[in-house]
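Asks: Take a look at this one; I'll ask things after.
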Amino acid sequence: MSSLNQIPRRIILGPGPSSAHPRVLKALSSPVMGYLDPDYFSIIEEVEGLLKDTFKTSQRAFAIAGSGSAGMEAGFSSLLEEGDKILICENGHFCERMVLMAKRLKLNVLTLNVEWGTAIDPVQVNEILKQHNDVKMVSSIHAETSTGVMNPIKQISEISHQNGALFMVDCVTSLAGSEFRFDDWDIDYAYSGSQKCLASPPGLSPVAISNRALSTIEKRKTLPSSWYLDLSLIADYWGIEHKAHHTAPVNMIYGLRESLKLVFEEGLEVRWKRHKKLASALKKGLISMGLSLPINSKIALDQLTVIEIPDGVNDEEFRLNLLRKYLIEIGRGLGRFQGKIWRVGLMGESCVPANVFALLQAFEELLSQTGHEFKKGDSLATASKILSETSPLPY
Ligand SMILES: Cc1ncc(COP(=O)(O)O)c(C=O)c1O
């Protein structure tokens with residue numbers, strides 16, 4: 001078996017993880033502390049404050065030890081009981097994961113299925129909720145990373161509450177990269193991932209939870225099926241009394257703290273704008289290379305661009321060449337989009353002008369070798385024009 005002694009350098013422009021800032025990597029290697037050490041409590045109190053500001057909430061926020069999927073499972077298993085009815089808005093691979101998880105937890109699952117590549121229509125959510133007045137919770141994904149689509153979360157949240165249901169949202173890909181307002185949008189539970197626009201390594205799921213959702217857990221008739229992912233127990237560890245739960249991943253929390261400090265040194269809203277501006281440069285550069293971006297620009301994500309694979313180009317070979325010759329990772333299509341699209345991420349620390357130009361240059365070289373016809377240099381000039389037209393990037 002071959003071993004890899006040196007971790008290779010990569011320009012990671014896939015759907016996540018994204019690169020971590022050197023300050024985050026340094027923080028990860030700080031000395032280990034006990035998870036019940038009073039000095040460590042000061043650190044998690046600071047992290048809780050920074051997370052609240054990131055989610056834009058004055059309610060509770062903390063981080064679960066586990067990736068984004070742990071945040072997803074914690075929501076279903078803590079907020080609902082066996083047999084409870086849930087409406088899952090389904091328009092992509094990660095929504096399908098929600099359905100699989102909810103079924104394993106023996107929830108009574110209703111789905112609103114819309115075509116991949118399109119957004120959820122809040123009117124249809126309302127119609128289903130009117131037919132089923134016993135739905136306890138609605139769930140949706142803010143930024144669907146498998147299709148590159150942004151869903152109208154604020155409106156879906158409003159309709160859920162009008163119909164007496166809680167609202168849970170996945171903001172794994174959107175948090176710190178696009179506008180997200182937990183309190184203003186009246187969300188009950190939101191979970192994210194450390195590895196995307198927050199620019200930390202994978203392994204933590206930052207979450208926010210409303211007082212209404214916490215009291216729903218308190219009123220449960222049965223205990224949540226998962227002890228480890230019981231949101232009320234994790235909230236108690238992060239709360240004033242710091243009640244012991246599992247051993248916290250202390251070094252990961254040091255890293256998250258550093259990445260959150262970086263968010264506010266830049267400015268949260270400025271960071272949202274950075275993602276928008278660079279996405280525009282990338283997308284217009286790709287279009288000027290003759291590539292097709294199939295997602296309607298009104299609902300297309302900034303942090304993840306979907307590209308239709310041109311006829312005659314071998315998907316795997318192209319991505320492998322990008323990796324081997326240019327050290328650039330991009331994502332393949334998932335599920336029904338496999339072999340049809342590529343997914344290019346510009347998230348957090350990976351979302352910098354140099355990466356836009358590196359990707360466009362590499363695409364130009366590799367595509368021209370496949371016989372795809374376009375004027376060389378145009379994509380870089382287009383991206384450069386867009387970046388210079390706007391005020392300088394605060395980066
Ligand atoms: C929108 C979305 N939700 C959930 C997940 C699952 O997160 P994780 O892989 O961190 O468990 C991902 C991962 O890419 C995602 O993009």
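The values are calculated or read from the model by the stated rules, or taken from the named source; none is laboratory data. Computed from a prediction, not measured in an experiment: that's the story for all the values here. With ideal geometry, Cβ positions are generated from the backbone for all residues, glycine too; neighbour counts draw on all protein chains shown. The protein model used for the area step is the full one, side chains on, heavy atoms only, and it has no ligands, DNA or RNA in it. Shrake-Rupley method; radii C 1.70, N 1.55, O 1.52, S 1.80 Å.
Asks: Only sites in a loop by DSSP and with at most 10 other Cβ atoms within 10 Å count here; which trypsin sites (Lys or Arg not before Pro) in the stretch 269-299 make the cut?
Replies: Values: sites: R271, K273, R274, K276, K277, K283, K284, K298; in loops: K298.
Filter output for the stretch 269-299: K298.
Asks: Roughly how many percent of the accessible protein surface of the chain is carbon and sulfur, given a 1.4 Å probe and a whole-percent answer? Mind showing how you got there, number by number?
Replies: Details: 8840 of 17110 Å².
Carbon and sulfur: 52 percent of the exposed surface of the chain.
Asks: Given that compact globular proteins tend to follow 2.2 N^0.38 Å, what is the ratio of the alpha-carbon Rg of the stretch 115-201 to that value?
Replies: Numbers: Rg = 13.3 Å, N = 87, 2.2 N^0.38 = 12.0 Å.
That works out to 1.11 for the stretch 115-201.
Asks: Can you give the Rg to Rh ratio of the stretch 109-155, both from alpha-carbon atoms, with Rh computed by the Kirkwood formula?
Replies: Values: Rg = 11.1 Å, Rh = 11.6 Å.
Ratio of gyration radius to Kirkwood radius for the stretch 109-155: 0.96.
Asks: Can you give me the angle between helix 93-104 and the longest principal axis of the chain, using Cα atoms only, in degrees from 0 to 90, rounded to the nearest 10?
Replies: For helix 93-104, the angle is close to 30 degrees.
Asks: What percent do you get for the relative contact order of the chain when only Cα pairs under 8 Å and 6+ apart count? Don't jump to the answer; show the numbers that get you there.
Replies: Numbers: 766 pairs, mean separation 92.0, N = 395.
About 23 percent, as a whole number.
Asks: If you take the alpha carbon radius of gyration of the stretch 22-265 and divide it by 2.2 N^0.38 Å, what ratio comes out, to two decimals? Walk me through the numbers on the way to the answer.
Replies: On the way: Rg = 17.3 Å, N = 244, 2.2 N^0.38 = 17.8 Å.
For the stretch 22-265, the normalised Cα radius of gyration comes out at 0.98.
Asks: Using only the Cα atoms, work out Rg/Rh for the stretch 298-395, with Rh taken as the Kirkwood radius, to two decimals.
Replies: Details: Rg = 14.1 Å, Rh = 14.6 Å.
In the stretch 298-395, Rg relative to Rh is 0.96.
Asks: Based solely on its DSSP helices, what 222 nm [θ] is calculated for the chain when runs of n ≥ 4 H residues each add -39,500 (n - 2.57) and the sum is averaged over all residues, nearest 500 deg cm²/dmol? Walk me through the numbers before you get to the answer.
Replies: Details: 13 runs with 163 residues, N = 395.
Using -39500 (n - 2.57) per qualifying helix, the result is -13000 deg cm²/dmol.
Asks: With a probe of 1.4 Å, find how much accessible area the chain has per residue, and write the answer as a whole number in Å².
Replies: Working: 17110 Å² over 395 residues.
That works out to 43 Å² per residue.
Asks: Related question: Against the longest alpha carbon principal axis of the chain, how many degrees, from 0 to 90 and to the nearest 10, is the axis of helix 122-131 turned?
Replies: 30 degrees
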